[in-house]
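Only one structure is covered here, and it is reproduced in the block below.
Coordinate-derived values only; no laboratory data. Note that this is a predicted model, so its numbers are computed, not measured. FYI the Cβ positions are ideal-geometry reconstructions off the backbone, even for glycines, and counts take in every protein chain you see.
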Amino acid sequence: MSRSALILTRLALLAMVLAAWEWLPRWAIVNAALLPPLSDVLAMFVTILGRSQVQEAVAVTAGEVVLAFMFAVPIGACVGVLVAESEYFGQIFRPMLFYVFSIPKSIFLPMFILVFGIGFAQKVAYAAFSTVFIVIMSAAAAVGSVKADHVLVARSYGATRAQVLTRVYVPSMLPFLLETLRISMIFNLTGVMIAEMYASRSGIGQLIASWGENFQMPQLFAGVMLLAAAAIAFNETVRWLEARCSTWRT
Amino acid sequence: MQHVANLSELRAKEVHAAAIEVAELSHVYLGRDGKVPALEDISLTVGAGRFVVIVGPSGCGKTSLLMMMAGLRRPTSGTILCAGRPIDVPDPDRVGVVFQEASLFPWLTALENIEFPLSIRHAPRLERRRRAEAMLNLVGLAGFGARYPHELSGGMKQRVSIARGLVQDPPVLLMDEPFAALDEQTRMTMGHELLRIWSQTNKTVVFVTHSLTEAVYLADEVLVMSPRPGRIIDRAEVTLPRPRTYEMMATDVFGRLRERIWQKIRKVT
C-alpha cells in the first residue's frame, strides 16, 4: 500500500468512528445521556477550557505530573544503570526490585494517603513511586545495548571512566532511554490520575471523577478528550525524537 | 651534564630500535575448574618498522596477547616494553589499535569516528578535522567522511578503523583480525592496501589472524602460537621481496612457508 493510500485509509477510519459518535446518539440508536454526540462534547470542551476551575485543575495536575516525572526518571535511570553495571548492587537489589515491580502499585495508595494526606505531595509521591520501577527496569535493559567492543575501543584510546560513560554509554543507550521516557510517562500519568480520582480536592482527575459521579457526560467526555490529547502529544513528540536519534540503528 | 643527557638519549634511541619487547610473559585466568594457563613464557621482540603477524588456532591467546600489548589487559607475570617503556595502561601516543569488524561507533560519521581518539584528548576542532581528513585520504576514502558506518561496506568500515588507529600517529599499530569478517576478495584487497599504508607511514605493525595466506602475504616475520597454554612454537622469517604482489602467492617460497606453518599448527590442534 502506498503511503498516501495508507494515510487516506486511516483518515477514513477516523472519520467513520467520529461520524458514528455524532450520529448514533442523534438517531437514538445509543442513549444520548450515556454517549452525548461529538458536537456537544466538542462544544463542552471549549466551554470547560474557559472555566477558571478547570484551568486551575489542569495547572495542579500538570505540576504533579512534571514533578513526579522529575523524581522518578533520574532516580530510576541511575538505579537501573547501577544495578545493571555493578555486579554487587545487581545481586543485592535485583530480586527485590523484580518483586516490587510485579505488584500493582494502586494497592499502596491508602498507605500514601495515610503518610502524605490527599494533597499535592501525595499525588507526586504516589506517581513517582508507581513510575520509578518501570524506569529502573528499562534503564537496566538499556545498559545491555552498550557493546563491550565499543567500550574497549574507547579505553584503548585513553578514555577515562567519565568519558566512556558520556561518549559510549549515553549515545548507545539514548534511543532506549527515550523509549523509557515515553513508557514511563504512561505510568506516571496513570499514577497521578488514579491518585486524583481516588481521593483529592483538586486536579483534572478529581474533576473527571466528580463529573462521572454526577452523570455530567459531556463534561466527562470533554475531560477525557483533554487528557488524551495531552498524553498523545507527549508520546508522539518523544517518538519523533526517538526516530531522529536512532537513524543509525539499522 | 650535557654529555650524560646525550648518552641517555642515545640509549633511548638504541632501545627504540625494538618497538615492542615482550619478556617471559605468562597469563593465568580463573576458570570454572580453577586456574587455567592462557599464555606461557612468551618472549618476543618486534623491531621498529617491522610487520609481524601472529597466527594460531582459536583459543591460543593471540588476541589476549595483543590486548596486553595495547595495555588493555594485565598479564599475570612478565613485562611488555613499548618504545623502551613499560605499557600497563592504554597509551594512544605509543600504540594504536584496530579491532575486528563493527568496532566503529554507529552513531558517529566516518570522519567523527576517525576524530574520536583526538576528541578524547580535547584536541582543537580544526586540528582534529584536518588530521582526520588526511587519514581519510590516506586510506582511500576521500569524500566518504559524512557517511555513517551502516552506509559503508565491510571493507570501507575497516579502512575507517585503520584511519582511526593511525590518527594520533602512534609508532605502533596493533591489529586484531581486522579483516576476518570480510569476503575473500575484499580481504586480499584490504591486505594489499594495508601494506601500501604501512609502507607510506613507516609504522610497526603487529597483526593477529588465523589465515595463513594472509599471514605470509603480509608479514616480515610470522609467529606461530599453540593453544592451551598459548606459546610461541615457531618463528618464520618471510624472505619474499617488497612490495608484495598477488603473483607471489603462487611461488614456491610462498607455498613452502605456508606449508611449514600449517604443519606446526596441525601438530598442536
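Counting Lys and Arg as +1 and Asp and Glu as -1 over every other residue whose Cβ lies under 9 Å from the Cβ of A:Pro37, the net charge comes to -1. Across segment A:1-136, the relative contact order, built from alpha-carbon pairs under 8 Å that are at least six residues apart, equals 26 percent. The mean number of partner chain beta-carbon atoms within 10 angstrom of a residue's beta-carbon across peptide B:98-111 is 4.
Classify chain B: rounded, prolate or oblate, from the alpha-carbon gyration tensor (a ≥ b ≥ c, eigenvalue square roots; a/c under 1.5 rounded; otherwise prolate if a/b is larger than b/c)? It comes out rounded by the Cα gyration axes.
Sorting A:228-235, A:14-21 by their mean Cβ neighbour count within 10 Å, with the most densely packed peptide first, gives A:228-235, A:14-21. The Cα trace of segment A:41-245 gives Rg and Dmax of 20.1, 68 Å, the first to one decimal, the second as a whole number.
The mean number of partner chain beta-carbon atoms within 10 angstrom of a residue's beta-carbon across peptide A:152-165 is 6. Ordered by the count of other Cβ atoms within 10 Å of each Cβ, fewest first, B:Thr245, A:Thr61 give B:Thr245, A:Thr61. Per residue, the average separation of C-alpha pairs within less than 8 Å and at least 6 apart gives segment A:93-250 a relative contact order of 26 percent. Local charge for A:Glu196 was computed over the other residues whose Cβ lies under 12 Å away, with Lys and Arg +1 and Asp and Glu -1, and equals +1.
FRET efficiency for the B:Glu237 to B:Ala180 pair, using the beta carbon distance and R₀ = 25 Å, is estimated at 0.50. Assuming charge only on the beta carbon of Lys and Arg (+1) and of Asp and Glu (-1), the dipole of chain A about its Cα centre is about 580 debye to the nearest 20. Annotation: the residues A:Tyr198, A:Tyr88, B:Tyr29, sorted from fewest to most other C-beta atoms within 10 Å of their own C-beta, follow the order A:Tyr88, B:Tyr29, A:Tyr198. Over chain A, with a Gaussian network built from C-alpha contacts below 10 Å, which listed residue (A:Gly144, A:Gly158, A:Gly205) shows the highest mean-square fluctuation? Residue with maximal mean-square fluctuation among A:Gly144, A:Gly158, A:Gly205: A:Gly158. Sorting A:Ser2, B:Ser226 by the number of Cβ atoms found within 10 Å of their own Cβ, with the fewest placed first, yields A:Ser2, B:Ser226. Within the protein assembly as shown, DSSP assigns beta bridges of which about 55% are antiparallel (rounded to the nearest 5). Near B:Met135, once Lys and Arg are set to +1 and Asp and Glu to -1 for all other residues with Cβ below 12 Å from its Cβ, the sum equals +3. Here the Gaussian network model covers chain A, with springs between Cα atoms less than 10 Å apart; of A:Leu152, A:Leu174, A:Leu207, A:Leu152 fluctuates the most. Placing a label point 7 Å from the Cα of B:Gln200 along the Cα-to-Cβ direction, the residues of segment B:133-152 whose backbone N falls under 11 Å from that point are B:134-142. Grab the beta carbon distance between A:Ile7 and B:Glu151, set R0 = 35 Å, and tell me the FRET efficiency rounded to 0.05. Plugging the Cβ-Cβ distance into 1/(1 + (r/R0)^6) gives 0.80.
Under the definition of partner shielding as Cβ atoms of other protein chains within 10 Å of a residue Cβ, what is the mean value for peptide A:74-84?
0
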